[in-house]
Structure formats: structure tokens, C-alpha cells
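The values are calculated or read from the model by the stated rules, or taken from the named source; none is laboratory data. Fair warning: this is a prediction, and the values are worked out from it, not measured in the lab. Cβ atoms come from the backbone with ideal geometry, glycine included; neighbour counts cover every protein chain shown. In case anyone asks, the SASA skips ligands and DNA or RNA and just uses the protein heavy atoms, side chains included. Shrake-Rupley method; radii C 1.70, N 1.55, O 1.52, S 1.80 Å.
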Amino acid sequence: MFLPKLKDTYPLYLNNKAEQPNTDLAVTDKFTGEVAFRVALADAETIDKAIVGNVAATEPMARLASYEKQDVLMHCVSRFKERFDELAYALCVEAGKPIGDSEGEVTRLIDTFRIAAEEAVRNYGEVMPLDISERAKGYQSMWKRVPIGPCSFISPFNFPLNLAAHKIAPAIAMGCPFIIKPASKTPLGTIIIGEVLAECDVLPEGAFSVLPASRDGADLFTTDERLKLLSFTGSPAVGWALKARAGKKKVVLELGGNAAVIVDHDADLDDALERIVFGAFYQSGQSCIGVQRIIIHEDIYDRFREMLVEKTKTLVAGDPKDRSTFIGPMISEGEATRLKGWIDEAVEGGATLLCGGGLSNGNMLEATLLENVEKDARALNEEAFGPLAILQKFSDFDGALAEVNRSEFGLQAGIFTRDLFKMFDAWDRLEVGGVVINDVPSYRVDNMPYGGVKDSGLGREGIRFAMEDMSEIRNLVIRR
């Protein structure tokens with residue numbers, strides 16, 4: 001394959017401009033472990049300057065015409081297409097994401113900005129009659145959405161492009177200035193987005209800043225009262241702690257998952273097999289909606305278990321730059337060692353290791369299937385965030401739904417069934433943000449409402465829904 005050349009160093013973006021105050025952040029190739037490039041780190045003074053810039057840009061951003069915001073977003077779409085190979089290769093290096101998955105994420109990046117460009121000219125309000133009683137005769141109301149103001153974004157390592165895009169693109173479409181802190185392990189994708197935005201002269205100075213920063217040094221992203229919204233994607237422990245310290249600002253949290261898929265006795269097993277193996281192990285399971293629990297009807301359990309094990313054993317692991325690779329490295333040796341420990345702990349507690357479980361090269365964990373896992377095992381109850389799936393058996397559909405709901409998480413769930421009544425029953429009863437029928441919970445389209453309940457977070461992504469979070473309603477009452 002053609003391998004674009006990455007630079008040795010990359011800047012941060014402060015108030016729309018590239019700055020290189022240092023090269024303090026070393027970013028590694030997650031497969032080789034070698035330093036791939038170095039990036040500038042922002043300190044507290046730089047973050048404060050960015051917030052000052054955001055505040056100054058608040059009114060001019062709000063006054064941008066809808067077509068001007070659309071033009072900015074469509075410029076990004078065009079430039080991302082031109083830089084497709086570079087963006088995909090950057091993901092492959094900094095995230096260790098297999099090249100096929102990397103290209104898929106760049107495609108979603110483009111989709112997300114294109115959807116935002118469409119929504120930028122659809123920021124509708126409503127005419128509302130108020131004459132619901134005699135005292136309100138002659139009154140009517142109109143309301144519209146207005147930008148909430150400066151926004152603070154913190155994005156994670158696993159989808160460095162698309163999860164940043166789900167914050168940046170709706171902010172531009174709504175007319176909100178923002179600062180964003182990309183994950184320190186994977187900052188390059190967001191920096192390239194900043195580089196493209198810097199080409200847009202219509203954006204007022206201070207409209208955006210892209211600021212890689214240490215967690216300890218990024219306190220202002222959370223606590224500063226000049227910022228009106230905090231949108232965080234990451235672990236539940238960090239997310240809830242940030243919410244507690246966020247003060248008066250609105251908080252949107254996209255947190256962890258422990259996603260389950262139910263396979264009923266009437267499912268198309270060949271189809272379910274392909275989708276579930278993909279949903280469990282794509283990008284080494286490092287997805288908050290990756291399949292972690294596979295709940296299978298007892299009538300088909302033995303047959304489907306055999307199919308799952310056979311298919312999982314065929315997955316190719318190795319260098320993510322090789323197109324034959326399906327399982328690449330986990331993000332770090334620490335994360336791989338953690339999950340390997342959970343697998344070993346489950347086996348020691350009586351679980352059956354059906355396949356996988358091996359760890360090599362520090363962060364290359366094999367695609368792993370377990371069954372007979374104890375109900376209190378960490379591997380079953382906490383977020384694995386790696387290439388692990390656990391098989392469970394059910395006899396009645398009510399019991400399967402109860403098992404899905406037993407989790408402290410509630411992001412998405414999948415159900416393979418042909419029964420229309422079971423589909424609607426699941427939609428009514430499952431405590432999740434989204435139910436996916438005849439596909440895995442890992443499925444997402446970038447214009448749909450996406451987000452969770454319980455420990456999976458607050459609020460919804462999906463461009464139109466994120467724009468609602470980034471806005472306030474301004475009402476006009478008229479007496480005639």
C-alpha cells in the first residue's frame with residue numbers, strides 16, 4: 001500500500017493559528033512501540049488564552065450566516081477527501097487501528113462533517129400558539145435556538161477522528177467557538193482537523209483551539225466558568241468526576257459500555273455470526289459499543305458456539321498497516337495486561353476459555369471467547385474495551401432482556417430475531433440508549449441519536465441532537 005509520510009513534529013492550534021511552543025508530547029507507533037512523531041503540549045497559560053479567544057469570538061461566531069457555516073464544513077469535507085490516505089495512515093500509526101478500519105473512520109469523518117453542513121442551514125424554531133385559555137387570548141410565541149457560547153471538548157483515543165468530529169462539526173454548525181483536548185495517545189487526527197479549519201478565513205479569530213495537554217494540566221477545560229458546555233467522551237470514572245467539578249456549565253458525557261447482543265432461536269445464524277465476530281473484535285474490541293456479551297438461546301447455543309469459535313480462530317492478527325490484518329495492537333501494554341488479567345481471573349474462577357487468551361509483543365492480545373463466567377467476574381460486568389466476548393445461554397426472552405439490563409451500563413444492545421413482538425418488547429424494556437435489530441450494538445450511523453443511560457452517560461450525539469445540546473432556546477412572546 002502507499003504509505004504517506006508523517007511529519008516529525010506537529011503544532012497545537014491556538015485561536016485558529018498553528019503554534020509550536022515545544023515538542024513535549026511523544027506519540028508512538030502502537031505496533032512497533034517507536035516514537036512516530038512529536039506534538040506540542042499546551043500549558044495552563046495557553047489554555048487560558050484559548051478561552052479568552054473563545055469568549056471574544058462568541059458574538060461573531062453567533063452572527064455567522066448559515067451558508068457561511070455550511071461553507072466551512074463543506075471545505076472540510078473537500079479537504080478530508082483530498083487527504084484521505086494521510087488521515088487513514090495517521091490513524092493506523094497513532095491508534096494501531098488496522099488500515100481497513102482506519103479508512104472506514106475517515107469515511108465517517110467525512111460523513112459527519114457533511115451531515116453537519118446540511119444541518120447548518122436547518123436550525124429551525126417554531127411558531128407556538130399561546131391562546132390555550134381566555135387569559136392568553138391574543139398572545140402567540142415564536143422560539144428559536146441560539147448558540148450556547150464557548151464549548152469545551154475532551155475526546156478519546158479509540159476513534160480519534162470521528163469522536164472529535166462529533167463535537168467539532170455540530171459546534172461549527174450551531175455557531176459555537178470551542179477548545180478541544182484530544183487524547184494524548186492519539187492527537188494527530190484532531191490536529192489535522194485544526195489545520196484544515198485554519199484555512200477558513202471566515203471563522204473569527206478565537207473560533208477554535210486544538211490543545212493537546214496532560215490530564216493534570218487541563219483543569220480549565222472542566223472548571224472555567226467562561227465555558228458554557230463540557231462534552232467529554234471517555235471512561236465513566238473520569239467522566240463523572242469531571243461532571244462533579246464542572247460548575248454551572250451544561251455537561252454531556254459519552255462514557256463506557258458493556259454491550260450485549262441477544263441471538264434468538266429464529267435468527268439467521270450465518271448472518272449473526274459475521275456481524276457478531278465483527279462487532280466483538282473490530283479494532284481489537286476497543287469500542288464502547290463493541291460486543292462483550294453474546295446471549296444465545298439454548299436451542300441453538302451449542303451450534304452457534306461452535307460457529308463463533310471456528311470463525312474467531314480465523315481472524316488475522318498483526319501489523320495494522322497490512323491489509324490482511326483484522327486484529328491489531330491494543331492502545332498500550334498496560335491496557336492489554338489489564339484485560340489479560342481479567343481473562344485469567346475469570347478462568348481461575350471456573351470460566352471456560354474457548355479460544356484466544358494469549359498476549360504477545362506487549363499489547364497484542366488474541367481474540368478471546370469465554371463461557372461459564374461467574375456472575376460477579378470483572379470480565380463480565382465491567383467494560384472490557386478489548387478483544388473479549390463472553391457467551392451466555394438463555395431459555396426465555398424475558399430472562400434475556402433481564403440479563404441485558406443487569407449491567408450498570410446502557411449504551412446500545414443488539415437483537416437477532418424475526419419476531420416483531422419481541423422487537424417492540426425489547427425497545428420498550430431495555431435500559432439502553434439504542435436497540436439495534438438484526439445487527440450488533442456496535443452499529444452506528446452518524447446522523448442518528450447516539451448515547452447512553454445509567455453509567456454510559458448523559459446527552460446524545462448525532463449532529464442535530466448535539467446541536468440541541470450546544471444551544472439555548474430563546475422565546476419571543478407577542479401580544480396582538
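Details
- Among residues of segment 320-344, those that are part of a helix (DSSP H, G or I) and either hydrophobic (A, V, I, L, M, F, W, C) or within 21 Å of V309 (Cβ to Cβ) (or both), counted: 6
- The test for being open to solvent by less than 10 Å² (accessible area, probe 1.4 Å) and touching an Asp or Glu at 6+ places or on another chain (Cβ under 7 Å) does not hold for G279.
- Strands (runs of 3 or more DSSP E) enclosed by segment 171-247 - at least 2 residues per element that are out of contact with any Pro (no Cβ under 9 Å at 6 or more places or on another chain) and touching a residue at least 12 places away in the same chain (Cβ under 8 Å): 229-233
Here's the yes/no breakdown for (1) in contact with a Phe, Trp or Tyr (Cβ under 7 Å, 6 or more places away or on another chain); (2) surrounded by fewer than 24 Cβ atoms within 10 Å (Cβ to Cβ):
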{"site": "K167", "(1), (2)": "yes, no"}
{"site": "A171", "(1), (2)": "yes, no"}
{"site": "F178", "(1), (2)": "yes, no"}
{"site": "S184", "(1), (2)": "no, yes"}
{"site": "T190", "(1), (2)": "no, no"}
{"site": "G194", "(1), (2)": "yes, no"}
{"site": "C200", "(1), (2)": "no, yes"}
{"site": "P204", "(1), (2)": "no, yes"}
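- Residue that is surrounded by the most Cβ atoms within 10 Å (Cβ to Cβ), among those in segment 360-410 that are of a type in the set (S, T, Y) and under 24 Å from L430 (Cα atoms): S407
Matching residues to (1) surrounded by fewer than 23 Cβ atoms within 10 Å (Cβ to Cβ); (2) among the hydrophobic types (A, V, I, L, M, F, W, C):
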position	(1), (2)
V121	yes, yes
P129	yes, no
I132	yes, yes
M142	yes, yes
C151	no, yes
F159	no, yes
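- Selection status of A466, open to solvent by less than 30 Å² (accessible area, probe 1.4 Å), within 22 Å of A173 (Cβ to Cβ) and out of contact with any Phe, Trp or Tyr (no Cβ under 7 Å at 6 or more places or on another chain): yes
- A165 being in a helix (DSSP H, G or I) and either in contact with a Ser or Thr (Cβ under 9 Å, 6 or more places away or on another chain) or without any contact (Cβ under 8 Å) to a residue 24 or more places away in the chain (or both): yes
Let's see how each residue does on (1) at negative phi; (2) free of Cβ contacts under 8 Å to residues at least 24 places away in the same chain; (3) not β-branched (V, I, T):
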{"position": "V252", "(1), (2), (3)": "yes, no, no"}
{"position": "F278", "(1), (2), (3)": "yes, no, yes"}
{"position": "C288", "(1), (2), (3)": "yes, no, yes"}
{"position": "I296", "(1), (2), (3)": "yes, no, no"}
{"position": "L308", "(1), (2), (3)": "yes, no, yes"}
{"position": "T314", "(1), (2), (3)": "yes, yes, no"}
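- Restricted to helices (runs of 4 or more DSSP H) entirely inside segment 370-480, those with at least 2 residues that are at pLDDT 95 or above and touching a Lys or Arg at 6+ places or on another chain (Cβ under 6 Å) are 397-405.
- Selected residue (only one of R145, R135 is in a helix (DSSP H, G or I), over 24 Å from the mean Cα position of the chain (by Cα) and under 30 Å from I478 (Cα atoms)): R135
- Among the helices (runs of 4 or more DSSP H) confined to segment 24-98, the ones with at least 1 residues that are polar (S, T, N, Q), in contact (Cβ under 8 Å) with a residue 24 or more places away in the chain and surrounded by 17 or more Cβ atoms within 10 Å (Cβ to Cβ) are located at 44-62, 66-82.
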